[in-house]
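Chemist: Below you will find the structure I want to go over with you.
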Amino acid sequence: MKFVISREALIKPLQLVAGVVERRQTLPVLSNILLVAEGDQLSMTGTDLEVELVGRVTLDEPAEAGSVTVPARKLMDICKSLPDSARIELTLTGQKMVIKAGRSRFSLSTLPAAEFPNVEDSPETLELSMVQHQLRNLIDKTGFSMAQQDVRYYLNGMLLEIAEGKLRSVSTDGHRLATSVTEVEAQEGMQHQIIVPRKGILELARLLQNGEDELRLVIGASHIRAHVGDFTFTSKLVDGKFPDYERVIPKNGDKILLSDRMELRQVLSRIAILSNEKYRGVRLALSNGYLQVMANNPEQEEAEETLAVDYEGDSLEVGFNVNYLLDCLSILNSDVVRLTLSDSNSSALVEGFDEEGSVYVVMPMRM
């Protein structure tokens, strides 16, 4: 096996594929990426048995065909350290992969391609096409609410729901919920729900561009596969039942506050400085035309600030984790934010005033 490739052509796909590889592995071969050279095509595959990414590159000249696995991090670090204009020659010699560029020479250990695991396929159930930025936008709008290492394993990921020609993303960690929706080309009457694990969502987001390029999603019984340009991404699905998000979204809030989003964000950031470092609680006190934001901490330090807002109604005081509110305000694009509340024990509904499709729910805190 032997091929020549420019550093420029190799570095981006190599970084994406190596990103899937975990640093700590139970199987030595999982620290490696699979290289397959055939004709003028080089394919690279990385996997952690849950997520798999295959990247393809066209070579300037036909390769001597072959396949082998090499250490992902070391190959990436070598390529990153070489000059931008370097031409890299990779040759499999016995059990070693010899890498030459200019006057540099490296020899990496290898493992046989036959030892490299495949993410098994499952029967395909449906397929849909969309523009890359649509899915990227859904992930950006809701990904921050995914749980991390929650015992309720089905929360450690994102729900993707296809219904009525729309694709919806939902994520929750039990304290807050985020949902966003976009229209897609799907077969009429198609209805389906899947949970993609957290790592799968993060790796898929790295792959997606913000442009108008096409993306094809294939969903199987236990896998999701995305065809994105020269890459094929596959992730196992989480086998579990996601909470009924419709029931979590408050429907009958009668206290509606409108505020300048950036101004509210800045006030919350300032008041948060003196909130309890562990619980991050702030109190919001609503009265006609004003919102007062307050915080204190175990050192008996206090902060408060009053903000002019568009609100008419009964007075209300309610506590929230300030980080959860700031996350919502950071992700919205609208200049004006709408907070809908009903009482001091109910969740807040956070939306952009002129931004349809994205809804955020934050549960209250006892203060």
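What follows is calculated from the coordinates using simple rules that are stated; it is not laboratory data. Since the structure is predicted, the reported quantities are computational estimates derived from the model, not experimental observations. Neighbour counts are summed over all protein chains in view; Cβ atoms, including those assigned to glycine, are modelled from backbone coordinates with ideal geometry.
Chemist: Test of understanding: extend the Cα→C-beta vector of ASP254 to 7 Å, then name every residue of segment 281-314 with backbone N under 15 Å from that spot.
Modeler: 312-314
Chemist: Now a separate question. Just how many % of Cα pairs in segment 8-54 lie over 17 Å apart, if you round to the nearest whole percent?
Modeler: Looking at segment 8-54, the distances longer than 17 Å represent 32 percent of pairs.
Chemist: Now, a different point. Eigenvalues of the Cα gyration tensor times 5, then square-rooted: what semi-axes does that give for segment 272-360, in whole angstrom, largest first?
Modeler: 23, 16, 12
Chemist: Still on this structure, please answer the following. Using 0.36 nm per residue, how much length does the chain from SER344 to ASP60 gain when fully extended, once their Cα-Cα distance is taken away?
Modeler: This chain segment gains 95.7 nm when fully extended.
Chemist: I've got another one for you. Per DSSP H run of at least 4 residues, take -39500 (n - 2.57); add these up for the chain, divide by its residues and hand me the 222 nm value, nearest 500 deg cm²/dmol.
Modeler: Calculated from helices alone, the mean residue ellipticity at 222 nm is -5500 deg cm²/dmol.
Chemist: Quick one: net charge of CYS79's neighbours, Cβ under 13 Å, K/R +1, D/E -1?
Modeler: Around CYS79, the charge tally is +3.
Chemist: Sorted by mean Cβ packing within 10 Å, highest first, what order do the peptides 72-78, 198-204, 274-280 take?
Modeler: Averaged packing, sorted descending, gives the order 198-204, 72-78, 274-280.
Chemist: Taking the radius of gyration and the Kirkwood hydrodynamic radius from Cα positions alone, what is the Rg/Rh ratio for segment 218-367, to two decimal places?
Modeler: 1.09
Chemist: Just THR69, THR142, THR125 to compare: in a GNM of the chain, with alpha carbon springs under 10 Å, which one fluctuates most?
Modeler: Taking springs between Cα atoms under 10 Å, the residue moving most is THR125.
Chemist: Using a Gaussian network model on the chain with a 10 Å cutoff between Cα atoms, which of TYR311, TYR154, TYR324 fluctuates the most?
Modeler: Of TYR311, TYR154, TYR324, the Gaussian network model singles out TYR311 as fluctuating most.
Chemist: How about segment 309-354: which GluC sites (Glu not before Pro) there lie in a loop by DSSP and see at most 12 other Cβ atoms within 10 Å?
Modeler: Answer in residue order: GLU312.
Chemist: Note down, for segment 44-94, the three equivalent ellipsoid semi-axes (square root of 5 times each alpha carbon gyration tensor eigenvalue), biggest first, whole angstrom.
Modeler: 20, 16, 13
Chemist: How large is the Rg to Rh ratio of the chain when both quantities use alpha carbon positions and Rh follows Kirkwood?
Modeler: Rounded to two decimals, Rg/Rh equals 1.07.
Chemist: Please find the FRET efficiency linking LYS166 to GLN25, where r is the Cβ-Cβ separation and R0 is fixed at 56 Å, and quote it to the nearest 0.05.
Modeler: 0.90
Chemist: For a Förster distance of 35 Å, can you work out the FRET efficiency between the beta-carbons of THR93 and LEU202, rounded to the nearest 0.05?
Modeler: Computed FRET efficiency for THR93 and LEU202 comes out at 0.45.
Chemist: Which residue, VAL54, VAL17, VAL218, tops the fluctuation ranking in a GNM of the chain built on C-alpha contacts under 10 Å?
Modeler: Result: VAL218 has the largest fluctuation of those listed.
Chemist: Return the Cα extents of segment 242-298 along principal axes one, two and three, sorted largest first, each rounded to a whole Å.
Modeler: Extents along the principal axes, in whole Å: 36, 32, 19.
Chemist: Kirkwood Rh over alpha-carbon pairs of segment 139-281, then Stokes-Einstein at 20 °C and 1.002 mPa s: what D in µm² s⁻¹, rounded to an integer?
Modeler: 123 µm²/s
Chemist: Here's another thing I want to ask about it. Over every pair of different alpha-carbon atoms in segment 103-176, take the mean of 1/r and invert it; report that Kirkwood radius in Å.
Modeler: About 16.4 Å, per the Kirkwood formula over Cα pairs.
Chemist: Shifting gears a bit: Which log10 I(q)/I(0) values does segment 1-149 give at q = 0.16, 0.17 Å⁻¹ under the Debye formula, counting every alpha carbon as one identical point scatterer?
Modeler: Calculated log10 I(q)/I(0) at the listed q: -0.94, -1.02.
Chemist: Taking the mean number of other Cβ atoms within 10 Å as a proxy for protection, how do you rank 244-253, 79-88 from highest to lowest?
Modeler: For the peptides 244-253, 79-88, the packing ranking is 79-88, 244-253.
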